[in-house]
Amino acid sequence: MKKVALITGITGQDGAYLAELLLSKGYEVHGIKRRSSLFNTDRIDHLYQDPHEKNINLVLHYGDLSDSTNLIRIIQQVQPDEIYNLGAMSHVKVSFDTPEYTANADGIGTLRILEAVRLLNLTKKTKIYQASTSELYGLVQAVPQSETTPFYPRSPYAVAKLYAYWITVNYREAYGIFASNGILFNHESPLRGETFVTRKITRAVSKIAMGLQDKLFLGNLDAQRDWGHAKDYVEAMYLILQQDVAEDYVIATGVTTRVREFVRMAFDQVGIKIEFKGEGVNEKGFVVSCSNPDFQVEAGREVVAVDEKYFRPTEVELLIGDPTKSKTKLGWVPKYDLQGLVSEMVAADVELFRREKLLKDSGYVIKNQFE
Ligand code: NDP
Ligand code: GDR
């Protein structure tokens with residue numbers, strides 16, 4: 001019998017990789033997408049199956065984590081063996097602007113999924129994965145952070161996810177639902193949303209190299225993150241739901257890197273060496289040399305500057321995870337290191353902007369985008 005999975009957030013970075021993984025394993029995959037005034041399925045369009053055909057394995061349903069009746073109806077119809085709850089307002093900085101919405105979607109949204117499974121008497125059938133986050137650790141209590149490190153959330157996003165974490169644990173203990181938290185540290189890819197720092201950097205580096213952008217403005221260059229590849233991390237989500245007993249797992253690389261160093265590595269990929277001078281809001285990045293004959297970026301040019309607008313009211317300064325449990329219990333083995341991740345992301349963005357440059361050189365106007 002084919003296994004049936006339901007993914008909330010299927011149109012996001014992780015949803016796209018997870019859908020691909022589960023389809024490759026023979027699952028019937030259902031996803032919830034939000035109604036939007038423009039197409040929003042870019043990341044999964046390569047998986048498209050015509051809904052008019054018979055025996056399709058990928059089905060999308062309109063829905064929203066803020067709408068319980070919608071969730072109950074979808075879960076009743078789909079009767080999933082596994083639910084991956086990846087849907088969320090996932091941007092930490094934006095959560096300070098939309099705290100109530102974030103609490104509703106990220107916090108109560110998780111409760112709605114758990115309640116739907118309980119109400120529909122699926123507690124014995126349906127396993128639930130909850131997309132928990134290293135942001136729960138927030139203000140550093142101890143490093144490396146493991147499953148037993150205390151939480152101290154530092155944003156409306158993290159506080160909403162704290163509720164989601166504990167309601168998942170509570171439904172497991174109270175009703176015997178197979179519900180597990182994956183406490184995932186930052187994971188990135190060419191599919192990463194454009195306003196998260198890694199993708200913002202790899203896009204800007206590609207555009208600067210090709211003469212499509214002057215400068216990259218960033219916030220806190222000192223922040224340290226444990227960055228992995230999203231492809232590796234969706235494998236872990238899958239493994240977490242294949243266990244006999246529901247537990248919570250940290251998924252991380254165990255290596256931490258500063259934002260400033262990620263910037264340097266990304267410029268390196270296009271043959272541009274940079275150095276940073278100055279401190280705090282006055283810190284800037286300058287080109288030292290450019291060894292790639294395809295790109296004309298002169299030495300001495302200022303290409304990175306700090307803009308306080310990207311600072312957060314409360315910041316998470318240091319994340320470094322301890323993946324011992326997931327490696328020993330799940331047998332999870334990540335395939336990427338940071339260098340491989342940076343190089344794949346930069347290569348994808350260089351390719352993207354090569355096409356944009358062609359259009360520009362042919363007289364077409366390139367759109368600016370709001371961040
Ligand atoms: P993305 O922001 O790329 O994707 C989020 C998804 O959630 C999108 O499909 C989005 O839809 C959907 N969504 C947003 N709001 C709602 C809502 N109200 N109802 C239904 N769906 C909604 O996130 P990632 O793929 O990077 O992350 C997946 C999950 O993992 C998130 O819950 C995130 O918080 C969590 N997480 C992510 C980590 C990371 O480093 N990437 C680390 C730890 C946890 P749309 O496309 O329409 O916007
Ligand atoms: P994060 O990711 O907040 O860790 O949440 P993000 O990439 O947004 O920030 C990482 C660090 O970089 C610093 N930073 C900037 N961040 C952004 N977005 N833009 C900038 O210009 C900039 N300059 C510096 C930030 O201050 C921060 O310290 C991500 C999300 O995917 C969450 O959903 C997830 O739960 C966590 O990772 C784990």
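The numbers here are math on the coordinates, done by the rules we state, and not lab data. Because the structure is predicted, anything quoted here is derived from the model rather than measured. Cβ: placed from backbone, ideal geometry, glycine included. Neighbour counts: every protein chain shown.
Mind sorting VAL245, VAL281 by how few other Cβ atoms lie within 10 Å of their own Cβ, fewest first?
Taking fewest neighbouring Cβ atoms as first place, the list is VAL245, VAL281.
So for segment 73-134, what are the equivalent ellipsoid semi-axes in whole Å, largest first, each being the square root of 5 times an eigenvalue of the Cα gyration tensor?
26, 11, 9
Relative contact order, percent, of segment 4-184 when contacts are C-alpha pairs under 8 Å separated by at least 6 residues?
21
Within segment 1-45, report the trypsin sites (Lys or Arg not before Pro) that DSSP leaves as loop and that have at most 16 other Cβ atoms within 10 Å. Walk me through the intermediate numbers first.
On the way: sites: LYS2, LYS3, LYS25, LYS33, ARG34, ARG35, ARG43; in loops: LYS2, LYS3, LYS25, ARG34, ARG35.
Passing both the DSSP loop test and the Cβ count: LYS2, LYS3, LYS25, ARG34, ARG35.
If the limit is 23 Å between Cα atoms, which of LYS125/LYS325; LYS93/LYS161; LYS25/LYS335; LYS3/LYS127 go over it?
On the way: LYS125/LYS325 26 Å; LYS93/LYS161 14 Å; LYS25/LYS335 19 Å; LYS3/LYS127 12 Å.
Going by Cα-Cα distance, LYS125/LYS325 fall outside the 23 Å limit.
Be a star and scan segment 335-362 for residues whose amide nitrogen sits under 19 Å from the point 7 Å along the Cα-to-Cβ vector of ASP214.
Flagged as within label range: none.
Computed FRET efficiency, Cβ-Cβ of ASP222 and LYS273, R0 25 Å: what is it to the nearest 0.05? Walk me through the numbers on the way to the answer.
Numbers: r = 21 Å, r/R0 = 0.83.
According to the calculation, E is roughly 0.75.
FRET efficiency for ASP45 and ASN282, Cβ-Cβ distance as r, R0 = 51 Å, nearest 0.05?
My answer for the efficiency is 0.70.
Would you mind telling me which residue in THR198, THR123, THR98 has the biggest mean-square fluctuation in a Gaussian network model of the chain, where springs connect alpha carbons within a distance under 10 angstrom?
So, out of THR198, THR123, THR98, the one fluctuating most is THR98.
For segment 258-337, state which trypsin sites (Lys or Arg not before Pro) are in a DSSP loop and have at most 11 other beta carbons lying within 10 Å of their beta carbon. Display every interim value, and only then the final one.
Numbers: sites: ARG258, ARG260, ARG264, LYS273, LYS277, LYS284, ARG301, LYS309, LYS325, LYS327, LYS329, LYS335; in loops: ARG301, LYS335.
Passing sites in segment 258-337 are LYS335.
How long are the three semi-axes of the equivalent ellipsoid of segment 250-371, in whole Å, if each is the root of 5 times an eigenvalue of the C-alpha gyration tensor, listed from largest down?
31, 21, 16
Name the most mobile residue of ASP45, ASP232, ASP349, meaning the one with the largest mean-square fluctuation, in a Gaussian network model of the chain with Cα contacts below 10 Å.
In the Gaussian network model the winner is ASP45.
Averaged over all directions, how much area does the convex hull of the C-alpha atoms of segment 4-184 cover when projected, in nm²? It would help to have the intermediate numbers written out before the result.
Details: hull surface 44.2 nm².
It is 11.1 nm².
Over the alpha carbons of segment 254-303, what is the largest minus smallest coordinate on each principal axis, giving the biggest first in Å?
Over segment 254-303, Cα extents along the principal axes are 35, 29, 10 Å.
Compute the Cα gyration tensor for the chain, then decide on rounded, prolate or oblate, letting a ≥ b ≥ c be the square roots of its eigenvalues: rounded whenever a/c is under 1.5, prolate when a/b is larger than b/c in the other cases, and oblate in all that remain.
prolate
Using DSSP H assignments, which helices in the chain have an axial alpha-carbon span of 24 Å or above and a mean Kyte-Doolittle hydropathy of 0.0 or higher?
338-361
Between TYR101 and THR69, 0.36 nm times their residue separation minus their Cα-Cα distance comes to what?
9.7 nm
Calculate how many DSSP beta bridges within the chain are antiparallel, expressed in % of all such bridges and rounded to the nearest 5. Don't skip to the end; give the middle numbers.
Details: 11 of 46 bridges.
Taking every DSSP beta bridge with both residues in the chain, the antiparallel ones total about 25 percent.
How would you rank PHE311, PHE151, PHE276, going from fewest to most other Cβ atoms within 10 Å of each one's own Cβ?
PHE311, PHE276, PHE151
With springs only between Cα atoms under 10 Å apart, run a GNM on the chain and tell me which of ILE56, ILE251, ILE75 wobbles the most.
ILE56
Arrange HIS187, HIS61, HIS46, HIS229 by Cβ neighbour counts within 10 Å, fewest through most, would you? Don't jump to the answer; show the numbers that get you there.
Working: HIS187 27, HIS61 17, HIS46 8, HIS229 23.
Ordered from fewest to most neighbouring Cβ atoms within 10 Å, HIS187, HIS61, HIS46, HIS229 come out as HIS46, HIS61, HIS229, HIS187.
Can you list, largest first and rounded to whole Å, the semi-axes you get for segment 153-272 by taking the square root of 5 times each eigenvalue of its Cα gyration tensor?
35, 15, 12
Do you know the relative contact order of the chain, to the nearest whole percent, from alpha carbon pairs under 8 angstrom that are 6+ apart?
Here the relative contact order equals 16 percent.
Roughly speaking, what is the stretch gain from GLU53 to ASN170, that is 0.36 nm per residue apart minus the C-alpha to C-alpha distance, in nm to one decimal?
Separation in residues times 0.36 nm, less the Cα-Cα distance, equals 38.0 nm.
Add -39500 (n - 2.57) for each DSSP H run of 4 or more in the chain, then divide by its residues: what number comes out at 222 nm, to the nearest 500 deg cm²/dmol?
Only helices count here, giving -10500 deg cm²/dmol.
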